[in-house]
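Trainee: I have a structure I would like to understand better, so I am pasting it below and will then ask my questions one at a time.
Please treat every number below as a calculation from the coordinates, not as lab data. Given the structure is predicted, the values throughout are model-derived calculations rather than measurements. Because the Cβ atoms are built from the backbone with ideal geometry, glycine has one as well, and the counts that use them run over all protein chains shown.
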Protein chains: 2
Amino acid sequence: MARVRISDVAAAAGVSTSTVSLVLNDRTGARISEETRARVREAAAVVGYTPNSIARGLRTQRTRTIGLVSDVIATTPFAGRMLAGAQDAAREHGHLLILVNTDADPAVERDAIRALVDHQVDAMIFATMWHRVVETPEGLPDRTVFLDCRPADGTRPAVVPDEVAGGRAAVRELLAAGHRRIAWLDIDEPDPPVASGLRHQAYREVLAEAGITPDPAWHVRGDGTTAASGRAATDRLLDLPPHRRPTAIFCFNDRMAAGAYVAARHRGLEIPADLSVVGYDDQQLVAGELDPPLTTIALPHYEMGRWAAEVALGAREPPEPDQPYLMPCPIIRRDSVSSPPAAAPTPAGGEPDTTP
Amino acid sequence: MARVRISDVAAAAGVSTSTVSLVLNDRTGARISEETRARVREAAAVVGYTPNSIARGLRTQRTRTIGLVSDVIATTPFAGRMLAGAQDAAREHGHLLILVNTDADPAVERDAIRALVDHQVDAMIFATMWHRVVETPEGLPDRTVFLDCRPADGTRPAVVPDEVAGGRAAVRELLAAGHRRIAWLDIDEPDPPVASGLRHQAYREVLAEAGITPDPAWHVRGDGTTAASGRAATDRLLDLPPHRRPTAIFCFNDRMAAGAYVAARHRGLEIPADLSVVGYDDQQLVAGELDPPLTTIALPHYEMGRWAAEVALGAREPPEPDQPYLMPCPIIRRDSVSSPPAAAPTPAGGEPDTTP
DNA sequence: TTGAAAGCGCTAACAC
DNA sequence: GTGTTAGCGCTTTCAA
């Protein structure tokens with residue numbers, strides 16, 4: 001069955017194609033009689049006409065599509081949320097999302113950007129799986145938004161998680177529960193992710209505000225990809241002598257937090273009674289499934305995806321055009337935080353910071 | 001900067017636009033002198049020309065895009081693999097993937113299909129998150145492939161996991177290790193998924209072949225979405241008197257297998273020495289992270305996504321046009337299967353099936 | 001209030 | 001071998 005064209009509607013309604021176009025696009029400028037409008041609409045419905053987007057795109061130079069190129073987005077557990085946010089926003093604005101995964105291959109990326117530009121996408125989103133700084137790729141249209149990454153030359157809108165605020169919330173949660181000896185279970189990589197530095201900064205700031213100078217031994221590291229690495233790092237913490245041993249751990253991610261659980265359990269320590277734990281990521285199938293469920297900081301992937309699409313479509317203005325927008329990371333309170341064990345001795349070397 | 005058009009190349013090379021088109025599209029039919037070809041290519045490179053896909057699409061009626069509409073695909077852990085497979089195949093064939101998520105909302109689905117058709121996608125993939133039977137939606141183009149679902153009227157190509165073969169492999173693995181009392185930890189839903197019936201069928205067949213009549217008490221159920229439900233079901237199994245108690249469990253999915261681990265641990269049972277477990281799904285972050293790592297059957301999401309895109313693009317023929325293609329589910333051997341404990345009494349009521 | 005005609009950028013018959 | 005021309009289906013002046 002051949003597609004029905006605008007000329008078919010015109011013929012059925014006994015008018016010209018321009019009239020049909022005018023009516024169907026609700027062009028208020030043109031004065032078409034109410035009677036004609038009705039007849040055209042009726043005819044369109046009867047023959048089942050929907051405009052050919054390609055022809056319309058050629059003529060109007062707008063395709064109602066938005067291109068999304070990402071490194072490994074579609075294959076990781078977080079990816080879906082970003083896609084879903086971008087896709088929902090696109091749909092609400094009558095746009096379609098064209099997705100390309102590059103697997104971080106520069107050649108694929110270059111081809112993808114070109115293909116998307118050739119397809120005349122109205123806007124583009126450049127997304128990465130982890131918050132990082134990227135070199136601005138060649139050939140991106142002006143209407144490009146960076147998602148979960150910040151371009152080295154900050155010339156275009158970008159949205160990233162507010163890691164510092166998230167880190168602060170995590171440490172404050174522990175402080176509020178009465179902890180003073182709080183460890184930072186960091187990620188150990190030759191080229192540490194942006195998030196690591198930012199969350200560590202938050203950790204130091206909040207402790208300083210509380211007059212706590214962290215013991216260097218409280219800063220431990222794991223590879224970040226396995227629970228086992230979190231367990232090993234936690235073991236090092238729990239091996240500390242009682243007066244230096246942390247009563248709480250802020251973990252770089254939920255997977256290492258899972259490892260902290262294992263380490264605690266193997267020593268007969270209860271969470272949270274003997275050890276409080278806060279994670280980061282709110283990773284499905286991890287944070288919620290742990291026993292007890294893990295208190296953690298959520299990465300706002302859905303919201304970032306939505307923000308990116310809305311800005312790309314011009315439906316929203318970035319508050320500060322030259323700064324990445326920092327999307328809040330909400331704390332998800334579950335059951336892994338309580339007050340420290342009563343027997344826990346107060347820290348020995350916790351001198352208040354004397355910065356003015 | 002305005003896009004460069006074919007006429008710019010023609011002007012730069014001193015030829016007509018048709019010559020440029022002929023050269024750039026490698027039309028072997030047309031005899032263009034090698035010298036002219038070189039000049040055109042040179043000019044195209046110099047001015048940085050790439051064809052406008054929209055204009056080309058209008059003219060050729062082929063857009064080199066493929067539409068993928070799915071229910072909740074992008075938001076679940078498995079989704080990425082299907083997307084990645086489809087996307088890789090699309091890219092290899094020079095096509096772009098247009099993605100729409102419907103959240104299983106029929107109105108959204110209808111609009112999505114229409115939008116994709118209006119955008120003149122060359123082919124369509126209709127995907128679901130779980131293997132199920134679907135009513136064929138209205139308006140799908142002829143070139144549609146069903147991914148991870150089978151249309152009620154089997155008129156179009158479809159690909160689903162080979163659940164029966166996967167289930168057989170799981171149970172055979174246990175049988176080969178020497179188990180005779182093998183439980184089936186099923187999913188408990190009012191409207192059970194296709195996979196449940198198929199895997200159960202495999203379970204019964206393989207046991208029958210081995211001359212084992214399963215004790216009805218070995219068929220237990222959990223809600224399938226939480227590890228806790230798997231634990232509770234496993235408890236019921238382990239509460240059975242010693243001579244009826246299973247030495248191995250085949251679980252509907254990895255999450256419930258995780259629950260089986262918890263149940264075993266709470267009774268001081270070692271896996272696999274005291275209890276062997278096989279899961280299904282090979283779910284990242286579950287199967288591999290369990291201690292010991294779980295032997296399981298993988299769902300071939302990537303391969304199914306790739307198959308669907310290749311068939312949609314005509315790059316591959318379905319072997320049996322009217323039957324869904326059954327994609328093999330490979331067994332992933334890890335460390336949760338061993339021979340049954342030596343002390344385990346052999347089953348009491350295991351009479352061979354006498355079916356011819 | 002409506003229709004005729006041009007043109008978006010490209011490809012493919014058909015001339016020459 | 002290469003250029004001219006028509007037309008994909010639509011929107012948008014402009015004229016009537």
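Trainee: Separation between the A:Glu92 and B:Arg59 pseudo-spin-labels, each 7 Å from Cα along Cα→Cβ, expressed in nm?
Mentor: 4.0 nm
Trainee: Expected output is a single nm value to one decimal: the length gained when fully extending between B:Asp322 and B:Trp130, i.e. 0.36 nm times separation in residues minus the C-alpha distance. What is it?
Mentor: 67.0 nm
Trainee: For a quick check: with amide H placed at 1.01 Å from N, whose amide H comes under 5 Å from B:Thr295's, ignoring anything fewer than 5 positions away on the same chain?
Mentor: B:Gly279, B:Arg334, B:Asp335, B:Ser336, B:Val337
Trainee: Obtain the nm distance between the two label points defined at B:Arg114 and A:His243 by a simple spin-label model: each point lies 7 Å from its Cα along the Cα-to-C-beta direction.
Mentor: About 7.6 nm separates the two model spin labels.
Trainee: Taking the range A:274-340, which trypsin sites (Lys or Arg not before Pro) meet the DSSP loop condition and have no more than 15 other C-beta atoms within 10 Å?
Mentor: A:Arg333
Trainee: Ok, one more. Could you please state, rounded to a whole Å, how far the C-alpha centre of the range B:64-118 is from the C-alpha centre of the range A:201-266?
Mentor: Computed from Cα coordinates, the inter-centre distance equals 42 Å.
Trainee: Zone of B:Asp188 (label point 7 Å along Cα→Cβ, backbone N under 15 Å): which residues in the range B:228-251?
Mentor: Those under the cut-off are B:228-239.
Trainee: Run through the range A:236-327 and list the GluC sites (Glu not before Pro) located in a DSSP loop whose Cβ has at most 16 other Cβ atoms within 10 Å. All intermediate terms of the calculation are to be shown ahead of the outcome.
Mentor: Working: sites: A:Glu270, A:Glu289, A:Glu303, A:Glu310; in loops: A:Glu270, A:Glu289.
Hits after loop and neighbour filter: A:Glu270.
Trainee: Return the calculated 222 nm mean residue ellipticity for chain A, to the nearest 500 deg cm²/dmol, obtained by summing -39500 (n - 2.57) across DSSP H runs with n ≥ 4 and dividing by the residue count.
Mentor: -11500 deg cm²/dmol
Trainee: With a sphere of radius 15 Å drawn around the Cβ of A:Arg27, what net charge do the other residues whose Cβ falls strictly inside it have (Lys, Arg +1; Asp, Glu -1)?
Mentor: Neighbourhood net charge equals +3.
Trainee: Report the FRET efficiency, 1/(1 + (r/R0)^6), for B:Asp105 and B:Glu34, where r is their Cβ-Cβ distance and R0 is 41 Å, rounded to 0.05.
Mentor: 0.10
Trainee: Compute for the range A:275-324: radius of gyration divided by Kirkwood radius, i.e. Rg/Rh, restricted to C-alpha atoms, rounded to two decimals.
Mentor: In the range A:275-324, Rg relative to Rh is 1.21.
Trainee: Of the chymotrypsin sites (Phe, Trp or Tyr not before Pro) in the range B:25-130, which ones lie in a loop per DSSP and count no more than 10 other C-beta atoms within 10 Å? Present the calculation step by step, with values, prior to reporting the outcome.
Mentor: Numbers: sites: B:Tyr49, B:Phe78, B:Phe126, B:Trp130; in loops: B:Tyr49, B:Phe78.
Answer in residue order: no site qualifies.
Trainee: Explain nothing, just the number: dipole magnitude of the range A:230-272 about its Cα centre with +1 on each Lys and Arg Cβ and -1 on each Asp and Glu Cβ, in debye rounded to the nearest 20.
Mentor: 80 debye
Trainee: Name the long-range amide H neighbours of B:Thr144: under 5 Å, sequence gap of 5 or more, or other chain; modelled H, no Pro or chain starts.
Mentor: For B:Thr144, whose amide H was placed from the backbone, the distant partners under 5 Å are B:Met124.
Trainee: Can you give the % of DSSP beta bridges in chain B that are antiparallel, to the nearest 5?
Mentor: 5 percent
Trainee: For B:Val159, what charge total do you get from the other residues with a beta carbon under 12 Å from its beta carbon, if Lys and Arg give +1 and Asp and Glu give -1? Intermediate results must be reported in sequence, preceding the final value.
Mentor: On the way: positive: B:Arg150, B:Arg156, B:Arg306, B:Arg316; negative: B:Asp148, B:Asp162, B:Glu303, B:Glu310, B:Glu320.
It works out to a net charge of -1.
Trainee: When the scattering of chain B is computed by the Debye formula from its Cα atoms alone, each counted once and equally, what is log10 I(q)/I(0) at q = 0.08, 0.14 Å⁻¹?
Mentor: Evaluating at q = 0.08, 0.14 Å⁻¹ gives log10 I(q)/I(0) of -0.53, -1.07.
Trainee: If you don't mind, another one. What residues qualify as long-range amide H neighbours of A:Thr76, i.e. H under 5 Å apart, gap of 5 or more or another chain, H built at 1.01 Å from N?
Mentor: Residues meeting the amide H criterion: none.
Trainee: If eta is 0.890 mPa s and T is 25 °C, what Stokes-Einstein diffusion coefficient results for the range B:6-51, Kirkwood Rh from Cα pairs, in µm²/s?
Mentor: Details: Rh = 10.1 Å.
My calculation gives 243 µm²/s for D.
Trainee: What's the extension gain from B:Glu205 to B:Ala315 if we count 0.36 nm per residue and subtract their Cα-Cα distance?
Mentor: So the extension gain works out to 36.0 nm.
Trainee: Something else: Show me, bin by bin at 10 Å from 0, the whole-percent P(r) of the protein assembly as shown based on Cα pairs.
Mentor: Pair shares across the bins are 3, 13, 19, 21, 19, 13, 8, 4, 1, 0.
Trainee: Using alpha-carbon pairs under 8 Å, 6+ residues apart, how would you state the relative contact order of chain A in percent?
Mentor: Result for chain A is 18 percent.
Trainee: Let me ask you something else. At 7 Å along Cα-to-Cβ for each site, give me the label-to-label distance between A:Arg5 and A:Ala342 in nm.
Mentor: 8.7 nm
Trainee: Give the relative contact order (percent, whole number) for the range B:71-202; include only Cα pairs under 8 Å separated by 6+ residues.
Mentor: On the way: 145 pairs, mean separation 24.1, N = 132.
Normalised by residue count, the contact order of the range B:71-202 is 18 percent.
Trainee: How much length is gained on full extension from B:Thr213 to B:Asp291, taking 0.36 nm per residue of separation minus their Cα-Cα distance?
Mentor: The span from B:Thr213 to B:Asp291 would gain 25.0 nm if fully extended.
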